[in-house]
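**Student:** Have a look at the structure that comes next, please.
Rule-based calculations on the coordinates, nothing more; no lab input. Keep in mind it's a predicted model, so treat the numbers as computed, not measured. Cβ placement follows ideal geometry from the backbone for every residue including glycine, while neighbour counts extend to all protein chains displayed.
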Amino acid sequence: MKRELTCIACPLGCSLTVTLEGKNILSVVGNTCPRGKEYAINECTAPKRMVTTTIRCENGELVSVKTSQPIPKEKVFEAMEIINSTIAKLPLTIGDVIIPDLFGSSVVATQCKE
Ligand code: SF4
């Protein structure tokens with residue numbers, strides 16, 4: 001079986017073709033650098049995603065946030081439920097940790113709020 005992917009590890013966006021036999025990866029072609037192969041293997045075996053969204057602050061405003069690391073793709077919905085039930089304390093600066101542990105990542109502010 002062949003699977004076509006677009007590498008998202010850098011803006012070049014190389015087109016990758018992964019050849020699989022069951023869950024075994026036989027080959028990865030189309031990558032310009034080793035990161036593409038690593039991305040393709042991870043995407044086919046344990047896909048992960050960065051989450052970028054907003055969290056409600058204690059004053060009712062929204063602050064933009066992101067996970068500091070990609071989290072397992074199958075946990076994104078559960079992660080959003082936790083994020084949506086969180087109220088961030090103010091003040092916040094970029095990089096402040098709002099949720100310290102979320103499926104192996106943390107959730108950090110990506111904007112300042114007074
Ligand atoms: S394979 Fe390498 S050069 Fe191509 S998009 Fe991925 S990271 Fe960028």
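**Student:** To test your reading of the geometry: what angle, between 0 and 90 degrees and rounded to tens, separates the Cα axis of helix 34-45 from the longest principal axis of the chain?
**Tutor:** Rounded to the nearest ten degrees, it is 80.
**Student:** Any lysines with Cα under 22 Å of the Lys48 Cα? List them, leaving off those in the same chain fewer than 8 positions away.
**Tutor:** By straight Cα distance, Lys48 reaches Lys2, Lys23, Lys37, Lys66, Lys73, Lys75.
**Student:** Skipping prolines and chain starts, which residues have an amide H placed within reach, meaning under 5 Å, of the one on Ile98, given they are 5 or more residues away or on another chain?
**Tutor:** Val107, Val108, Ala109
**Student:** Between Cys14, Cys33, Cys57, where does the largest GNM mean-square fluctuation fall for the chain, given springs only between Cα atoms within less than 10 Å?
**Tutor:** Cys33
**Student:** Output ³J(HN,Hα) for region 16-21: one whole-Hz value per residue in order, computed from phi by the Karplus curve 6.51 cos²θ - 1.76 cosθ + 1.60 with θ = phi - 60°, and x for Gly and Pro.
**Tutor:** Ordered by residue, 3J(HN,Hα) equals 10, 10, 10, 9, 10, 10 Hz.
**Student:** Please report, to two decimal places, log10 I(q)/I(0) for the chain at q = 0.15 Å⁻¹ as given by the Debye formula with identical point scatterers on the Cα atoms and no solvent.
**Tutor:** Debye output, listed in q order: -0.72.
**Student:** Quick one: what are the phi-derived ³J(HN,Hα) couplings along region 84-89, Karplus 6.51/-1.76/1.60 with θ = phi - 60°, whole Hz, x for glycine and proline?
**Tutor:** Result, ordered by residue: 5, 9, 9, 10, 7, 7 Hz.
**Student:** Determine ³J(HN,Hα), in whole Hz, for all residues of region 66-79 in sequence, where each value follows from phi through the Karplus function 6.51 cos²θ - 1.76 cosθ + 1.60 and θ = phi - 60°; x replaces Gly and Pro.
**Tutor:** 8, 6, 6, 9, x, 10, x, 4, 6, 9, 4, 4, 4, 4
**Student:** Taking amide H atoms as placed 1.01 Å from N in the peptide plane, list the residues 5 or more away in sequence, or in a different chain, whose amide H sits under 5 Å from that of Cys112.
**Tutor:** Placed amide hydrogens put Ile94 under 5 Å from Cys112.
**Student:** Report Rg (one decimal) and Dmax (nearest whole number) for region 52-109, counting Cα atoms only, units Å.
**Tutor:** 10.6, 32
**Student:** Of all trypsin sites (Lys or Arg not before Pro) in region 15-111, which ones are in loop regions per DSSP and have a Cβ with at most 13 other Cβ atoms within 10 Å?
**Tutor:** The qualifying sites are Lys23, Lys89.
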